[in-house]
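Worksheet: the structure to be examined is printed underneath.
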Amino acid sequence: MGYRQFSNGLARVIYDDALVGADCEKLFQRDWLEANSGGATVERGTAVMFEHNGVALVFKQYHRGGLAGRLVEKTYLYSRLENTRVWREFNMLRQMRALGLPVPRPAAARCVSVPPLAYRAALITERVPDSKNLTEVLCAHPLDNASWEKLGQLIARFHRNNVYHADLNASNILLTGSGDFYLIDFDKGVIRNTLSAKEARSNVSRLRRSLDKLQGRHTPFHFSEDNWQALEKGYAAGE
Ligand SMILES: Nc1ncnc2c1ncn2[C@@H]1O[C@H](COP(=O)(O)OP(=O)(O)O)[C@@H](O)[C@H]1O
Ligand SMILES: [Mg+2]
């Protein structure tokens, strides 16, 4: 039992054999996914929920970033597989699970070389059961300040473990029916030897900006200054 890697032609795959089997490459095929996800459309920027052998999973494709992102993609070589965004996110999730942090279990990742210089990549994680992202939650109902405080404490716990989340917005936070928070989407994130106060702060400010922006966009959107103070209080207590 454990993580296994294989290559198949131009594709490289890593997977956790406790979650998926050696036949997991089919889970990355558009036709298979569309047929097994109740008719979801497989496209960049949309997570696809599906089930395989009784395990609930989520598939996401990486979109190309800005200019810098594109340059990195174009210099991709197999020797740098470990440095690709998808491999880094897979391994980061693995490390955070080992640290006991609430993130989804990584199930499989695949990178396919598209000659001469490009590649395509996708990641499959285990679905966090009975969860909604914080954007969906706050469009539907408010959270009490105890929950906001708990979220602040959780963010501080990631920071104590030197985890930097490159895009901590409301859609990258999940809340379960039993009131537990998870952080997701660690694309471009990193686990530092020592996380700087500046990087830690930038995660918190990013979340604030995301909540303010969503408030301008959705009516209702249940977020108040009082909620934010509760989050900050939890964060300070968890530091
Ligand atoms: N492991 C998971 N469990 C439950 N929901 C998930 C999971 N991963 C993603 N999602 C849902 O899919 C959305 C998009 O996934 P995400 O990993 O953030 O990709 P993107 O790069 O498209 O933002 C999330 O906001 C969340 O609602
Ligand atoms: Mg996201």
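The values are calculated or read from the model by the stated rules, or taken from the named source; none is laboratory data. Computed from a predicted model, the values in this text were never measured in an experiment. Every residue, glycine among them, receives a Cβ derived from its backbone with ideal geometry; neighbour counts consider all protein chains shown. Just so you know, the surface numbers come from the protein's heavy atoms only, side chains and all, with ligands and any DNA or RNA stripped out. Shrake-Rupley method; radii C 1.70, N 1.55, O 1.52, S 1.80 Å.
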Gaussian network model of the chain, Cα springs within a sub-10 Å range: biggest mean-square fluctuation belongs to which of Glu25, Glu149, Glu34?
Glu34
Per-residue HN-Hα couplings for region 185-196 [Karplus 6.51, -1.76, 1.60; θ = phi - 60°; Hz; x = Gly/Pro]:
6, 8, 3, 6, x, 7, 9, 7, 5, 9, 6, 7
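State the extension gain, in nm to one decimal, for the chain segment bounded by Glu34 and Phe6, taking 0.36 nm per residue of separation less the distance between their alpha-carbons.
Working: separation 28, 0.36 × 28 = 10.08 nm, distance 2.42 nm.
Contour length minus Cα-Cα distance gives 7.7 nm.
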For the chain, the count of lysine pairs 8 or more apart or interchain whose alpha-carbon atoms are under 29 Å apart comes to 24
Stretched fully, the stretch from Asn83 through Thr176 gains (0.36 nm per residue minus C-alpha distance, one decimal, in nm) 30.3 nm
In square angstrom, what is the accessible area per residue of region 151-237 with a 1.4 angstrom probe?
48
On a 1.4 Å probe surface of the protein chains, which of Met1, Met92, Met49 comes out largest in accessible area, and what is the full order?
Met1, Met49, Met92
Rank Lys150, Lys198, Lys60 by mean-square fluctuation in a GNM of the chain with C-alpha springs under 10 angstrom and give only the top-ranked residue.
Lys198
What do you get for the angle between helix 85-98 and the principal long axis of the chain? Use alpha-carbon atoms, 0 to 90 degrees, nearest ten.
60
Could you point to the residue in Ser210, Ala140, Asn8 farthest towards the positive end of the chain's charge dipole, with +1 and -1 charges on the Cβ of Lys/Arg and Asp/Glu respectively?
Asn8
Can you compute 3J(HN,Hα) from phi for each residue in region 148-154, using the Karplus curve 6.51 cos²θ - 1.76 cosθ + 1.60 with θ = phi - 60°, rounded to whole Hz and x for Gly and Pro?
4, 5, 4, 5, x, 5, 5
Using the alpha-carbon atoms, what tilt in degrees (0 to 90, nearest 10) does helix 197-217 show relative to the longest principal axis of the chain?
80
